[in-house]
Amino acid sequence: MLSLAQTKAFEAPTPSSHADRSKKQIIVLKVGTSSLLKSEQQTLNLGNLARICETVKILHTLGHHVIVVTSGAVGVGCQRLGLTSKPTQVAKKQALAAVGQVHLMKYYEDFMSALGLTCAQVLLTLDNVANRGQYINACNTFSELLSYGVIPVVNENDTVAVQTLRFGDNDSLSAQVAALVRADWLFLMTDVDSLYTSNPKMDPDAQPIYEVPDMTTLQADTSTLGTEWGTGGMATKLTAARIATAAGCTMVICSSSVPENIIRIMQGEPNIGTKFFPVRNALRGRKRWILSVPVRGSMVLDDDMVAAVRDKHKSLYAYGIAKVTGDFQTQDCVSLYTTGGVEFARALVNYTTEEVLSIRGRRTQEVRQILQAQGYASVDEVANRDNVALLASSTVEEGDSPSEGEAVAATLNGLGGVLGGRM
């Protein structure tokens, strides 16, 4: 375990520094259910939680802002009620989350208070961040909490979230929070120490992957599933990486059993965990918010349309759509994929699923005739380029300037705005 004295080297810049060490950085730590519960004994892993809180204390003492995204409410609820397995019925899980959340927060409060820290509970649903107004209000709340030196402890509001408006797993929630506050770092602490080329539990030749400069070229195994008590797995972590890196955040998968490694990783020590580097030109303003809108469907684009949308930042037209899935309405969010199955963007669409199916593969003039014959007012683009958020971008997008709310938190007392200019 690192002491405060042992972290002094953290303040000395090195060639591998992530950012200027004199700058206050915003760090999001995601704590998984497997990190909090001892599955064999069905008890809370208090020792591990204490070490995580001590790591938060070190980061806070070094002058950084820390946000904790925690899982475990349902698992702690099961433990408090003596259940040996997690139920599958939604109502039962929501009831257990209500029981477990209050006890989970009590543990965080006890540990952090003993370390001289003040924490706050923040419960979110996907609906909160999908709505632009609520998104900005949430950003303001986080900004004020951080300006007070408080440690926000975030969880999904499982008790009220409906199944169609849930983050689904806290890997995605943590990435959304990192994008919301424009964090510098997101650490996914889990029961595996890194991403591997294949499942290390099944393949003795599996090799760890320590750095991922470009998500589009990643070749790794995602068959590692979540635990009995958790909901995540390696696939959800890669989805989180796409969201976080597109928002300009460095994401790291690391072992929760050694939370002190977070300090070493931020110092630039190599070969600890898997580090995903942010895209060169991170999304800002409204386009970063699009990452938070729930995905209702997907479209596979042909190679020419992928090149136009991804590389030339053009709008999406029907003639380049090869396949459509899902059930979406006008202005819903859909994922855009290459023919190779790689998600490269998300977009707010101008048409419903039914309408896109009727016009896909057609040229603009044909689209107008088809839709007008059906009594619809036609719009040339299926998605305008201003409504397309790229998950991997190598050039600055035109029109990606700060939108309303870009600096809503720019006048906080004493700090000049923790999130000022970050929105």
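The values are calculated or read from the model by the stated rules, or taken from the named source; none is laboratory data. Keep in mind that this is a model prediction, so the values were computed, not measured. All Cβ positions, even for glycine, are placed from backbone atoms using ideal geometry, and neighbour counts span all protein chains on display. Side chains included, ligands, DNA and RNA excluded: accessible areas come from the protein's heavy atoms. Shrake-Rupley method; radii C 1.70, N 1.55, O 1.52, S 1.80 Å.
So the values come out like this:
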{"item": "Rounded to the nearest 10 Å², the accessible area of residue 111 at probe 1.4 Å", "result": "60"}
{"item": "Computed FRET value (nearest 0.05) for residue 281 with residue 378, which takes r as the C-beta separation and R₀ as 25 Å", "result": "0.15"}
{"item": "Taking all pairs of distinct alpha-carbon atoms in segment 273-368, Kirkwood radius in angstrom", "result": "14.1"}
{"item": "Ranking by accessible area, most exposed first, for 182, 284, 80, 363 with a 1.4 Å probe", "result": "363, 80, 284, 182"}
{"item": "Heavy-atom accessible area order for 24, 287, 57, 312, largest first, 1.4 Å probe", "result": "312, 24, 57, 287"}
{"item": "Viscosity 0.890 mPa s, temperature 25 °C, Stokes-Einstein D of segment 286-335 from Kirkwood C-alpha radius, µm²/s", "result": "209"}
{"item": "Largest-first ordering by accessible area, 1.4 Å probe, given options 236, 330", "result": "330, 236"}
{"item": "Distant-in-sequence amide H partners of residue 331 (H built 1.01 Å from N, under 5 Å)", "result": "349, 350, 351"}
{"item": "Residue 286 accessible area, 1.4 Å probe, all protein chains in place, Å² to nearest 10", "result": "80"}
{"item": "Spatial extent of segment 55-121: Rg and Dmax, with the Cα atoms as the point set, Å", "result": "14.6, 44"}
{"item": "Cβ-Cβ FRET estimate between residue 269 and residue 38, R0 fixed at 30 Å, reported to 0.05", "result": "0.55"}
{"item": "Non-local Lys pairs in segment 270-376, i.e. 8 or more apart or on different chains, that have alpha carbons under 23 Å apart", "result": "4"}
{"item": "Reachable lysines, given that their alpha-carbon falls under 30 Å from the alpha-carbon of residue 92 and they are not under 8 places away in the same chain", "result": "30, 38, 106, 237"}
{"item": "Square roots of five times the Cα gyration tensor eigenvalues for segment 327-376, Å", "result": "22, 13, 8"}
